[in-house]
Amino acid sequence: MIRANGQPHNLMLLSLAGSPAWAMAAMSEVSTYLTDKGYQCQTVTSADAVQDALKAQPPDAVISANDPDSLKALATISAASDNDQPRPLRVLMSDSPLTDTESEVADLVVQAPMGKEQIAAYLPMFLKFQTENNALQAEKRKFTEENQQLQVQLKSHRQTVDELNLIKNAVIHNVSHELRTPLLQVKSAVALLSEAIHDKEIDETQKLVGYAKDATARLEAVIKNITQLAGSLEISPEPMLVQDAVDYALRGLRRIWERKDATTRIRISLEDTLPLVMADKKGLGTVLQLLLDNALKFSEGDVEVVAKRVDDSSVRVAVRDYGIGIAGTETEAIFETFYQVDSSSTRSYGGTGVGLAIVRLILDRHKVKIAVESQEGKGSTFSFVLPIVSLK
Ligand code: ADP
């Protein structure tokens with residue numbers, strides 16, 4: 001009996017030391033008979049040898065009698081093949097009616113006295129079914145694996161949606177307040193301004209124009225944050241240069257810091273011939289802009305953007321400042337929406353408290369983690385590692 005690949009079918013016959021005489025005799029008879037018919041038969045005589053034989057040459061079929069030792073060995077074979085292995089056809093020769101448990105371990109049952117002819121008659125068809133069944137099981141395993149992967153993806157999408165919903169709700173709750181405060185400041189500054197102009201008070205006029213400008217800038221920042229939040233939903237990484245994201249960030253920062261000319265404090269230090277990285281240009285630009293904006297806000301000296309190759313597959317990007325720093329206990333909380341270390345900092349430094357939440361959201365969507373190293377009074381470094389585009 002030949003397989004599709006031209007090799008003879010390989011059968012394992014169980015003739016264990018503890019089996020009754022009829023079973024041993026039957027196995028020996030079946031072995032001779034089936035060898036004559038062109039099958040390759042190996043007779044196994046102990047339970048330990050079953051495991052070895054399974055490893056050495058997995059059989060297409062196992063033929064066993066229904067005595068307790070053989071049934072146990074057959075159950076072990078079934079269990080072993082329940083995982084990843086193709087399952088051999090299990091043929092049971094019985095000298096008595098089978099119990100439910102016995103019939104569960106068998107695919108084909110034949111009565112003992114006339115066993116060998118029956119086995120020979122049924123074997124080709126059953127082996128064919130078994131091969132087809134094994135192929136279907138392999139397909140099923142593949143689908144189950146794919147399904148599991150999809151479930152994992154679904155779970156991660158659900159988490160993102162939950163996180164976005166939290167941010168969205170927080171934004172809705174806080175935005176009216178965040179917008180109203182600076183708007184009222186502009187309104188009252190403009191009202192006082194018109195009085196001051198009327199009274200020709202030049203100093204007072206300049207001060208009020210300054211207030212109005214600051215409040216307008218704050219309004220603009222809140223609106224910008226909302227736009228960035230919306231943008232963080234549309235991330236599609238593609239090969240890009242870190243330099244392009246830095247340029248994007250600088251353009252944005254120049255608009256925000258227009259009045260104070262603070263962007264001259266930014267030092268760019270990108271390693272020569274940095275390879276292409278896999279990231280969303282606008283997303284990475286927004287991340288750098290938000291990190292640099294904080295670095296400028298919370299320090300007075302130079303701030304740095306550094307990008308260096310870590311190894312063949314990644315580039316580390318860092319934004320560093322030498323400013324007020326962040327206490328170790330705060331380095332997690334600062335990424336929460338509307339969290340500010342010092343709530344009075346809004347007044348002294350400006351800001352809305354959503355910048356870092358947006359940074360983390362965008363990097364999460366790149367499957368990239370952000371790290372913070374900081375020391376109070378010494379400064380902070382925010383960094384992350386991007387994958388290099390593989391040319392294979
Ligand atoms: P904000 O608009 O207030 O800057 P963020 O979410 O960007 O909001 O930052 C949250 C808080 O984290 C800030 O209010 C500040 O307390 C702290 N923080 C962020 N970056 C720095 C930094 N470079 N140095 C010191 N503190 C920082």
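For this structure, a couple of remarks:
- Residue-by-residue Karplus 3J(HN,Hα) for region 143-155, coefficients 6.51, -1.76, 1.60, Hz, glycine and proline x: 4, 4, 4, 4, 4, 4, 4, 5, 4, 5, 4, 4, 4
- Taking amide H atoms as placed 1.01 Å from N in the peptide plane, the amide H of Ala61 lies under 5 Å from those of Asn10, Met12, Leu89, each 5 or more residues away in sequence or on another chain.
- Candidates Ile197, Ile256, Ile223, ranked by Gaussian network fluctuation over the chain, Cα under 10 Å, top entry: Ile197
- Cys41 long-range amide H proximity, modeled H, under 5 Å: Leu11
- Shape of region 1-196, Cα gyration tensor, a/c cut at 1.5: prolate
- Residue among Gln149, Gln111, Gln228 with the largest mean-square fluctuation in a Gaussian network model of the chain, springs linking Cα atoms under 10 Å: Gln111
- Remark: the Asp272-Val372 segment gains 33.5 nm on full extension, using 0.36 nm per residue and subtracting the alpha carbon distance.
- Unit charges at the beta carbon, dipole of the chain: most positive-side option, Ala49, Val186, Val242: Val186
- Gyration tensor verdict on region 131-289 (Cα atoms; rounded if a/c is under 1.5, prolate if a/b is larger than b/c, oblate otherwise): oblate
- Cα long-axis angle, helix 281-297 against the chain (0 to 90 degrees, to the nearest 10): 50 degrees
- Scalar couplings 3J(HN,Hα) for region 358-365, obtained by applying the Karplus form with A = 6.51, B = -1.76, C = 1.60 to θ = phi - 60°, are 5, 4, 5, 4, 5, 5, 4, 5 Hz; x denotes Gly and Pro.
- Each listed q (0.12 Å⁻¹) maps to a log10 I(q)/I(0) for the chain, found by the Debye formula over equal Cα scatterers with no solvent: -0.89.
- Between Val303 and Ile266, Arg267, the built amide H atoms are under 5 Å apart, and every one of these is 5 or more places off in sequence or on another chain.
- Separation between Cα centres of region 368-392 and region 241-303, rounded to whole Å: 14 Å
Any read-out appearing in this document is the output of simple, stated calculations on the displayed coordinates, not a laboratory observation. Remember, predicted model here, so these are calculated numbers, not experimental data. Counting neighbours? That spans all protein chains shown, and the Cβs are built from the backbone with ideal geometry, glycine included.
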